[in-house]
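S.K.: Before I ask anything, let me first share the structure, which is written out below as structure tokens.
What follows draws every value from the coordinates through simple rules; no lab data is involved. Because the structure is a prediction, the values reported are computed rather than measured. For neighbour counting, all protein chains shown are included, and Cβ atoms are generated from backbone atoms with ideal geometry for every residue, glycine included.
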Amino acid sequence: MPRELWKGNEAIAESAVRAGLGAYFGYPITPQTEILEYLSRRMPELGRAFVQAESELGAINMVYGAACTGARVMSSSSSPGVSLMMEGLSYIAGTEIPAVLVNVMRGGPGLGNIAPAQSDYNQAVRGGGHGDYPRIVLAPASVQEAIDLMALSFDLAEKYRMIAMMILDGSVGQMMEPAEMPALQEPHRREFDWATNGAMNRERRILSSIYLDPHDEEKTNLRLLKNWKNVQANEVRYKEYFLDDAKYVIVGFGTAGRVALSAVREARALGIKVGLLRPITVSPFPYEALDQLTGQVEAFLVTEMNMGQMLDDVLLTVRGRVPVEFYGRPGGVVPFHDEILDEIHRLASGPLAVSTDPRDSWLARMYSNLKVTAQ
Amino acid sequence: MTTENLVYERPEAFTEMPTHYCPGCTHGVAHRLVAEVLDEMGIVDKTIGVAPVGCAVFAYNYFATDFVEAPHGRAPAMATGVKRVLPDRVVFTYQGDGDLASIGMGEIVHAAARGENITVIFINNANYGMTGGQMAPTTLPGMKTSSSQSGRDVETQGYPIKVSEMLSTLEGVGYCVRRSLHDPKNIRLAKKAIRAAFETQVRGLGFSMVELLSTCPTNWGITPVNSLKFVEEHMVPAYPLGDYKVSDAVKQIKI
């Protein structure tokens, strides 16, 4: 396929279609609405199902119903809308069926704004819905990567009968970049042995998330965890940049990771031995890769477009063995590469101490940089 | 003349499982009518049911069809998802009044407005049964429930919602009627309506719903027989039986 200029949201929509999407259910919300708009014309043109639902609640439960039939199905939304979908996600998780959800994140909490943010990391990675359940979360940093991860999301969701979420910030959704599309596939309608698609000449099937006997629910919880251990063992994905001789390593996902890469390249040109680890699966998180680096480096810098959410996963891995520093721009602000470069200089000029919460010194620096005072 | 006449047989659309419903509750009657219709239409094999949250949460244990179990109120959305990817299957939801008329009002109105080709069996027993008889949107004015203990005060707790009347205003609705399960005559009429609703769906004539006035002796705190009388004397006047919408295309159906 030739490389074409694609807008992130439309590229996500088209790559889902190419991956055999059978049904899409969604609700308008900025900055992801182009996914809904694109599919509103593309899906019917291919004879596939599209419904603009009455709400995100409606949309996710339509996804739930369609997913029960074994069809490839997805929804997409942005932060406040994804909050509304948490009920459905919990049920989907409890029913152990595959479904894909894209969250084009914006600044929050509350109505917040429509600018790019990464503040739904905890909601995506830790759960968000009620109950104890794991989910796969992928974080692209470019339009091409979003295209590639879209198909992977469906494959992983079906392989593990699990929710696969793709989280990106509004800038990847809104940006245009040259990218290559995969070939068009027919809608997937696999004959899963669990699908409730009408009991034609077979034993009838029930799909439910109810386990009234607590012992059955406990077994279900344990089965979910065992399944998750397989995901952790086989599906961790990340990108490494300049890590071989790195004394300092930046950890950042999505756009924050991409901006950090520009800063890393500049710092390298100045002779600073800094590298970047960019998690692609933020869940399962690349704990092992990070753990190995901990023995090699002098300090980590975590960069995020939030108040330090993935930071907790890094702290859990590093466990105080080397200093971990944090630099975030929350609220819908995207950091410039020179801000990250300044942070790299700060790391390289040392000395750094291991702190219990790297947010403390970051907060002090933010107040000083922004020339605002703590209220 | 044979000495043995078969007068009762379990419908094929039923499993062998005994229901968990309270003595005197009309859920069992409603289930039976749906099962008989599925049998008569020969569609057991291609039907997918959507169970609600409420007393009928375990409906999937009793019907021999494929079944999914929806979050509270979301059955019409789930049914939409199933039907849109499997338009040649028969999809029905079975919902109570708390599920359909309170938490799920958005889902039912929009499924009806879209003219989703699904069938809804709506049980109106004027209270939340499973959680122990709290006030529902359908609770009658002055009716005592565990959350309207002096009787529903319309000044502070509002008025009952008449779902069939509301939904019948929507263009997407092909068939929308209210029936009652309080005596054999009305039960027969209810079955005819359920048949008409499923016939509406298999012909692709839009959204179909049958509202069934039902009893809840346990939470109403009266005997099963008095519950039937309560339906006749108090619920039927508040929720008049009748055909609220039968589209011209549905009127042409000959069964």
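S.K.: Can you give me the long-range amide H partners of B:ALA51? Hydrogens built in the peptide plane at 1.01 Å from N, cutoff under 5 Å, separation of 5 or more residues or another chain.
M.R.: B:VAL68, B:GLU69, B:ALA70
S.K.: Add +1 for every Lys or Arg and -1 for every Asp or Glu among the other residues with Cβ under 10 Å from the Cβ of A:SER209, and state the total. Let's see the in-between values first.
M.R.: Working: positive: none; negative: A:GLU96, A:GLU217, B:GLU69.
Net charge in that neighbourhood comes out at -3.
S.K.: Quick one: what are the phi-derived ³J(HN,Hα) couplings along the range B:62-74, Karplus 6.51/-1.76/1.60 with θ = phi - 60°, whole Hz, x for glycine and proline?
M.R.: 9, 8, 8, 9, 4, 8, 10, 10, 8, x, 3, x, 8
S.K.: On a 0 to 90 degree scale, rounded to 10, what angle separates helix A:337-349 from the longest Cα axis of chain A?
M.R.: Result, in degrees: 50.
S.K.: Moving on to the next point. Count charges around B:TYR159 for me, please; just the other residues with Cβ under 15 Å from its Cβ, Lys/Arg as +1, Asp/Glu as -1.
M.R.: Residues near B:TYR159 contribute -2 overall.
S.K.: List every DSSP H helix in chain B whose Cα atoms extend 15 Å or more along the helix's own long axis and whose mean Kyte-Doolittle hydropathy is at least -1.0.
M.R.: Working: long enough: B:27-41 (21 Å, 0.26); B:75-85 (16 Å, 0.42); B:184-202 (27 Å, -0.34).
Qualifying helices: B:27-41, B:75-85, B:184-202.
S.K.: Taking only the alpha-carbon positions of the range A:3-234 and ignoring solvent, what does the Debye formula give for the base-10 log of I(q)/I(0) at q = 0.14 Å⁻¹?
M.R.: Log10 I(q)/I(0), no solvent term: -0.84.
S.K.: Using alpha carbon coordinates only, what is the Rg to Rh ratio of the range B:27-251, with Rh defined as the Kirkwood radius? Kindly include the intermediate steps, with their values, before the conclusion.
M.R.: On the way: Rg = 16.3 Å, Rh = 17.2 Å.
That ratio equals 0.95.
S.K.: On to the next question. Starting from the amide H of A:VAL302, placed 1.01 Å from N in the peptide plane, find each other amide H under 5 Å away whose residue is 5 or more places distant or on another chain.
M.R.: A:VAL251, A:GLU325, A:PHE326, A:TYR327
S.K.: What number comes out for the charge environment of A:MET181, summing +1 per Lys or Arg and -1 per Asp or Glu over other residues with Cβ under 14 Å away?
M.R.: On the way: positive: A:ARG3, A:LYS7, A:ARG18, A:ARG42; negative: A:GLU4, A:GLU10, A:GLU14, A:GLU145, A:ASP148, A:GLU177, A:GLU180.
That works out to -3.
S.K.: Moving on. For the range B:1-82, which chymotrypsin sites (Phe, Trp or Tyr not before Pro) pass both filters: DSSP loop (anything but H, G, I, E, B) and at most 11 other C-beta atoms within 10 Å? Walk me through the numbers on the way to the answer.
M.R.: Details: sites: B:TYR8, B:PHE14, B:TYR21, B:PHE58, B:TYR60, B:TYR62, B:PHE63, B:PHE67; in loops: B:TYR8, B:TYR21, B:TYR62.
Qualifying residues, ordered by number: B:TYR8.
S.K.: Another question, if that's okay. Taking Cα atoms, how many degrees apart are the long axis of helix A:359-369 and the longest axis of chain A, rounded to 10 and kept between 0 and 90?
M.R.: Around 70 degrees separate the two axes.
S.K.: Report, in degrees rounded to the nearest 10, the 0 to 90 angle that the Cα long axis of helix A:254-269 makes with the longest principal axis of chain A.
M.R.: Approximately 30 degrees, to the nearest 10.
S.K.: Please list, by residue number, every one of the GluC sites (Glu not before Pro) in the range A:104-184 that is coil in DSSP and has at most 14 other beta-carbon atoms within 10 Å.
M.R.: Numbers: sites: A:GLU145, A:GLU158, A:GLU180; in loops: none.
Answer in residue order: no site qualifies.
S.K.: Separate question: Could you work out the helix-only [θ] at 222 nm for chain B, with each DSSP H run of four or more residues adding -39,500 (n - 2.57) and the total divided by the number of residues, to the nearest 500 deg cm²/dmol? Can you show the working numbers first?
M.R.: Values: 9 runs with 78 residues, N = 255.
So the helix-based figure for chain B works out to -8500 deg cm²/dmol.
S.K.: Which entries of A:LYS159/A:LYS239; A:LYS7/A:LYS239; B:LYS144/B:LYS192; B:LYS83/B:LYS251; B:LYS144/B:LYS185 have Cα-Cα distances beyond 27 Å here?
M.R.: Numbers: A:LYS159/A:LYS239 23 Å; A:LYS7/A:LYS239 23 Å; B:LYS144/B:LYS192 33 Å; B:LYS83/B:LYS251 24 Å; B:LYS144/B:LYS185 29 Å.
Beyond 27 Å: B:LYS144/B:LYS192; B:LYS144/B:LYS185.
S.K.: Just to confirm the filter: which trypsin sites (Lys or Arg not before Pro) across the range A:161-195 are DSSP coil and have at most 12 other Cβ within 10 angstrom of their Cβ? Please report the intermediate quantities before stating the final value.
M.R.: Values: sites: A:ARG161, A:ARG189, A:ARG190; in loops: A:ARG161, A:ARG190.
Taking the range A:161-195 and a limit of 12 other Cβ atoms within 10 Å, the loop trypsin sites (Lys or Arg not before Pro) found are A:ARG190.
S.K.: Name the residues whose placed amide hydrogens come within less than 5 Å of the amide hydrogen of A:SER355, ignoring near sequence neighbours (fewer than 5 apart) on the same chain.
M.R.: Amide H to amide H, under 5 Å and 5 or more residues apart or across chains, A:SER355 pairs with A:VAL324.
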